[in-house]
Amino acid sequence: MRNETNRGKRERNRVNYRENQRSGYPGNGYYRRKRKEKREQKKRLLVAAAAAFFLLLLTVLGVKKLLPGKPGSLQNPAGTESSAAEIELKTAVTINDVDITGMSRREAEEAVLKQHPWGMTARLEQALAEDEPYAVANLLQVKLKKILDKIYAPGAVDRDHYALDAEGLETEIAAEAAAMAKQWNRAAKNGAIASYDKEHQRFVYTESQVGRAVDEAAAEEAIRTAMREKNYGASLSIKADRIEPEISAEEAKKRYKVIGTFTTETTQNPDRNNNIKLACEAIDGKILQPGEEFSFNHTTGNRTLERGYKPAGAYQNGKVVLEPGGGVCQISSTLYNAVIRAGLMPTERHSHTFEPSYVTPGEDATVSYDGYDGPDMRFVNTTASSLALRATFYNRIVTISLVGLPVLEDGTTVSLHSVKTGEYDNGGIEYIEDTTMQPGEEKQISGGTMGSKWVTNLVTKKDGKVVSDSFFHNSIYKGHSKKIARNTSGTVTANPDPDSLLITENTETLPEQASSAATEAGVVSPAGPGVTKPESQERESTKTTTAESPAPGPGQGPSGTIEKRTQEVSSAAQGPGEIVQPFPEN
């Protein structure tokens, strides 16, 4: 029955097919053909798309290869070569007759350096035992890199041969010549004071020394010649010009002289004078090289009991106290004035709290140790040679001198001129309890002093005539309060030691520690606008007056006057050219 059914279906299909053929309606075969055509069309589209994608990928990669790589990028991991540099060179090229055809950049560099190793050195003509040879930097490698950059740049090969010469290395070669000069140049040294022999009271001089200067132009030419001749391992001989010193040791002995000096007188206080003596000994014989700065605090060090300094009157926070080292400010002030008269400029100076009496107010220089951080007196040796300090203390006379090559022209002097421009309230009354007095009784111990302001000018004279009188700095001083003794206790006691109540305003003769009442800005001011003294106005003087110090000639120093007492300062030699301190020693 099933077969019969299938035969019926096949028969119906044949009938339908014949009818469809007659009517033009497509049958099952038509649809099969259509489906096959669609499948083939899809395949062609897929193949075309894949081909287009592949071509696009190749195009992108090609563009990336042509672009220069960045340091550290994937296109240029080494940071110095592009991917194209790794491609073998097809063009026939030689570098110093080394054929690099078919080589990558790295291979070409290795081949050239192997053929031409670098080992160039330079030696100084007439070298001393301590003169080391100079290893010239590898300029061949620098030049090779520049050549390879040209060769391996895409399409940049414009010739078939390159030379490893000095062309294009002007900057590098000049740097090598300058480095040689830095290593070998020596400044000429003049004969100069090296030290002071206190035992024999004479200076010790250093011998002069010939200097030299490398001929840098000749050194550059020597390098260029060696590279042009392909002598990359050459040992170059470098010339240096001889520089003669201006002053021999013997000539220095004749030229050195006292260029500035100043003298002050001390009190009769033995402890204070002990401190002054120690400070003088600390700075006596000090040698400063050109450009070196002198510091009073660094030179004397801390003024302590352990170092021999004794308690003496000093000012601290505006009051009189007993301080180890009290009195040394007289030394710094004396030195300050000597420096000015030598034609040098201080780099740090502070005024005292109260007016001093051993120098004119405005011409003092207080110091305080405080771990080197306290007020200091400083100056720089701006002369062309070494500078020596002499400091002596004899019979209560302090004399400080600077010995060196003259700074000022013959006949030229420099000094200070200070004028009081104002006074201020002395700070009122200070009462002192004295139970030996009757209740209600008062007794004036001291009348006090007024505070003051001083203007200091720097005066320069030529052959006795003023050529400059300009503002230098201001100084402000406190006044001493009036002191009155009284008894407010209501009881009377026995009379104590009368010296215990002896307080006077004469303590300004005692140099004090630093205070807030210092020179304006704390440091000496440069010459500038200020008050000048009329010609008719005579200079105010204090206990000590010092004559102007002319720039002395050989064997002669300036002089100073102290209470009509003149002490001549002489630098006369004892022996050929020797400078011996003329002042008596303790």
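Read-outs throughout are calculated quantities, based only on the coordinates presented, and are distinct from any laboratory measurement. This one's a predicted model, so the numbers in the text were calculated from it and none came from an experiment. No Cβ is skipped: glycine too gets one built from the backbone with ideal geometry, and neighbour counts run over all protein chains shown.
At a Förster distance of 22 Å, what's the computed FRET efficiency of residue 175 paired with residue 218, Cβ-Cβ distance as r, to 0.05?
Details: r = 16 Å, r/R0 = 0.72.
The value I calculate is 0.90.
³J(HN,Hα) across the range 216-232 via Karplus (A = 6.51, B = -1.76, C = 1.60, θ = phi - 60°), whole Hz, x for Gly/Pro?
5, 5, 5, 5, 4, 5, 5, 5, 4, 4, 4, 6, 5, 8, 6, 9, 6
If you rank 113, 408 by fewest surrounding Cβ atoms within 10 Å, what's the result? Before the final figure, lay out the partial values.
Numbers: 113 15, 408 19.
Final ranking by Cβ density, sparse to dense: 113, 408.
Report the calculated FRET efficiency for residue 146 and residue 53 (r = Cβ-Cβ distance, R0 = 56 Å), to the nearest 0.05.
0.85
For residue 365, what residues show an amide H to amide H distance below 5 Å, using hydrogens built from the backbone and excluding near sequence neighbours?
It is 333, by chain and number.
Taking the Cβ of each residue in 100, 287 as the centre, tally the other Cβ atoms inside 10 Å and list the residues starting with the fewest.
Ranked by crowding around the Cβ, least crowded first: 287, 100.
Between residue 125 and residue 412, what length comes free when the chain is fully extended (0.36 nm per residue of separation minus the Cα-Cα distance, one decimal in nm)?
Stretched out fully, the residue 125 to residue 412 stretch lengthens by 98.7 nm.
Quick query: amide H of residue 347 versus all other amide H atoms, modeled in the peptide plane; which residues come in under 5 Å with a sequence gap of 5 or more or a different chain?
When sequence neighbours closer than 5 places are left aside, the close amide H contacts are 378, 379, 380.
Residue 268 to residue 321: FRET efficiency via 1/(1 + (r/R0)^6), r the Cβ-Cβ distance, R0 30 Å, to the nearest 0.05?
Numbers: r = 20 Å, r/R0 = 0.67.
In this case the efficiency is close to 0.90.
Quick one: Karplus J couplings for the range 297-312, per residue in order, coefficients 6.51, -1.76, 1.60, θ = phi - 60°, nearest Hz, x for Gly and Pro?
5, 5, 6, 7, x, 6, 8, 10, 4, 5, 9, x, 6, 10, x, 8
Evaluate the distance, in nm, between pseudo-label points positioned 7 Å from the Cα of residue 182 and of residue 161 along their respective Cα→Cβ axes.
Each label point lies 7 Å from its Cα, and together they span 3.9 nm.
Taking the beta-carbon count within 10 Å as an exposure proxy, list 420, 257, 465, 443 from fewest neighbours to most. Walk me through the numbers before you get to the answer.
On the way: 420 17, 257 20, 465 8, 443 13.
With the sparsest Cβ surroundings first, the list reads 465, 443, 420, 257.
Calculate, in nm to one decimal, what residue 430 and residue 225 gain on full extension: separation in residues at 0.36 nm each, minus their alpha carbon distance.
Residue separation times 0.36 nm, minus the Cα-Cα distance, leaves 64.9 nm.
How large is ³J(HN,Hα) for each residue in the range 103-109, as worked out from phi by the Karplus curve 6.51 cos²θ - 1.76 cosθ + 1.60 (θ = phi - 60°), to whole Hz, x for Gly and Pro?
With the stated coefficients, the range 103-109 comes to 9, 6, 4, 5, 5, 5, 4 Hz.
Given the Cα-Cα distance of residue 373 and residue 198 and 0.36 nm per residue of separation, how much length would full extension add, in nm?
60.0 nm
Once amide H atoms are placed 1.01 Å from N in the peptide plane, what residues at a sequence separation of 5 or more from residue 196, or on another chain, have their amide H within under 5 Å of its amide H?
Sorted by chain and number, the residues that satisfy this are 204.
With respect to the cross-link table entries 453/483; 277/462; 286/310; 189/461, which display a Cα-Cα separation exceeding 28 Å?
Where the Cα-Cα span goes over 28 Å, the pairs concerned are 277/462; 189/461.
Along the Cα→Cβ direction, 7 angstrom out, place labels at residue 488 and residue 443. What is the inter-label distance in nm?
Output for this residue pair reads 1.9 nm.
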